[in-house]
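Take a look at the structure set out below.
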Amino acid sequence: MSERATPPPATAATTPDMAAFWMPFTANRQFKSAPRLLSSAKGMYYTSHDGRRILDGTAGLWCVNAGHCRDEIVAAVQAQAAEMDFAPTFQMGHPKAFEAATKIAKHTPGDLKHIFFTNSGSEAVDTALKIALAYHRARGEGERTRLIGRERGYHGVGFGGISVGGIAPNRKAYSGAMLPAVDHLPHTLNIREAAFSKGQPAWGAHLADELERLVTLHDASTIAAVIVEPVAGSTGVLIPPQGYLQRLREICDRHGILLIFDEVITGWGRLGAPFAAQYFNVTPDLLTMAKGTNNAAAPMGAVAASARIHDAIVNGAPAGIELFHGYTYSGHPIAAAAACATIDLYEHEDLFARAAKMAPVFEAAIHKLKGERHVIDVRNLGLVGGVELQPRDGAPGARAYDVFVRCFQKGVLTRYTGDILAFSPPLIIDEAQIEELFRTMAEVLNEVD
Ligand SMILES: Cc1ncc(COP(=O)(O)O)c(C=O)c1O
């Protein structure tokens, strides 16, 4: 992979007018007073607007798993855009959507081989919740409407996603308009018990038993589904305790409750297996994906449904539309073409096995940060890691923000949530680049107050 020619340094003339774009999940006033712009990308690197090479420690936003601007994906997108820009998938079809679903289904776990397309992770989550309700209703158990999420869970920003999600600031302004029948499991982080665990913490499987408590409280006959991220990403990388996911599965089975894995981050090789479901050997009933599905070359998400769920809804319905749900862009030709090329690339380059091979290198490098200033925990699994810092007195998040900005100034892109720095590089990262990520982080930790 050749690096792109470096663009000229930014000048006042080349910096865009920033007033109109109301940026998502961004401190708009702070950002626009000192913008950080990326203008091109190739392989493991971005080029910043001022012409600097930036090592991508986050695969964009946990999504560019095969590395940036891969020739095969670029070619597929270009060809599809020229051949057919759009075709509807409501009562019409086009070959690329079917091809992409077939390729996805080769990698999804168990019998989750029915793929419903969306345009984002948020839409995939809301779709999965709706499919869960539709499934119970199709079987004559329409009173199962309660949804169980988890504290600190991130399931996107739709009303379904924020209702089952557990990140307080994402819910606060909308708290009067949440889905009505929702409850939450406790999250699984306990720094006192499990700080600096390498991989899955030994402590904490018992937290899954809280589901039994919720079943007793609400009665199983009212509960449709439990949704969790197998590894909670956006909240700051919470690794599931050993045995925890297996126990959730068992409790769901005991009570006829569907288990949904939100694999928007863990899908497509992040842990060194196609999905976390295979990594942990726990098969959910529904699985959401987005991001890495097509290497983020175009917006795309999807839900994989088990045969039992698909058949109950599709074969159980009278003639006509079986599920009243879908998006204009479900299976968009350009997104679908990018997915086909991406999955081919994952297979040809055996990128999930590569991630598994690099995981111990990544683990050793990130855990060298133990003992550095401010660091109170390091957590990792596969090619995802989190470094939690002691917050500054009275200024939560400020220290991690400073670390993030300084890393960017030194040519490394990381991501921060609260006082946690998260790392999730493209799966093509090599040993020297892994060393560079955490060497830069260590330098910066020494520099910030
Ligand atoms: C687990 C999980 N679910 C859902 C989403 C939402 O995806 P999107 O931003 O594509 O709507 C994300 C995004 O990071 C996520 O990590």
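Restricting the range 167-186 to residues that are farther than 17 Å from PRO24 by Cβ and touching a residue at least 24 places away in the same chain (Cβ under 8 Å), the residue that is farthest from the ligand (Cβ to nearest atom) is ALA181. Taken together, the residues in the range 217-232 that are buried (at least 24 other Cβ atoms within 10 Å of the Cβ) and either over 21 Å from ILE309 (Cα atoms) or more than 12 Å from the ligand (Cβ to nearest atom) (or both) amount to 6.
Return yes when GLU210 is among the acidic types (Asp, Glu), within 14 Å of GLU151 (Cβ to Cβ) and in contact (Cβ under 8 Å) with a residue 40 or more places away in the chain and no when it is not. Against the criterion (among the acidic types (Asp, Glu), within 14 Å of GLU151 (Cβ to Cβ) and in contact (Cβ under 8 Å) with a residue 40 or more places away in the chain), GLU210 does not qualify. Does ASN119 satisfy the condition of being at pLDDT 95 or above, within 16 Å of the ligand (Cβ to nearest atom), polar (S, T, N, Q) and out of contact with any Pro (no Cβ under 9 Å at 6 or more places or on another chain)? Taking the combined requirement at face value, the residue does not satisfy it.
Tell me the strands (runs of 3 or more DSSP E) entirely within the range 291-396 that contain at least 1 residues that are of a type in the set (Lys, Arg).
Working: elements: 301-305, 375-381, 384-389.
The strands (runs of 3 or more DSSP E) meeting that bar are 375-381.
Of the candidates GLY153, GLY160, GLY236, the single residue that is within 14 Å of the ligand (Cβ to nearest atom) and part of a helix (DSSP H, G or I) is GLY160.
As an exercise: evaluate LYS103 against (1) more than 16 Å from ALA290 (Cα to Cα); (2) part of a helix (DSSP H, G or I) and give the number of the one condition it does not meet. Here LYS103 clears every test but (1). Taken together, the residues in the range 390-405 that are touching a helix residue (DSSP H, G or I) at 6+ places or on another chain (Cβ under 6 Å) and over 20 Å from TRP62 (Cβ atoms) amount to 1.
Restricting LEU55, LEU112 to those that are assigned to a strand (DSSP E or B) and either surrounded by fewer than 16 Cβ atoms within 10 Å (Cβ to Cβ) or aliphatic (A, V, I, L, M) (or both) reduces the list to LEU55. Only one of the numbered conditions (1) assigned to a strand (DSSP E or B); (2) within 11 Å of the ligand (Cβ to nearest atom) is not met by THR266, and that is (1). All of (1) within 23 Å of the chain's Cα centre (by Cα); (2) outside any strand (DSSP E or B) hold for ALA76 with one exception: (1).
Within the range 187-202, track down each residue that is loosely packed, with under 15 Cβ neighbours inside 10 Å and touching a residue at least 24 places away in the same chain (Cβ under 8 Å). Result: ILE191, GLY199, ALA202.
Checking each residue in the range 171-216 for being part of a helix (DSSP H, G or I) and touching a Pro at 6+ places or on another chain (Cβ under 9 Å) picks out GLU193, ALA194, ALA205, HIS206, LEU207, ALA208, GLU210.
The values are calculated or read from the model by the stated rules, or taken from the named source; none is laboratory data. The structure displayed is predicted, hence computed values, not measured ones. Virtual Cβ from ideal backbone geometry, glycine too; neighbours counted across all protein chains shown.
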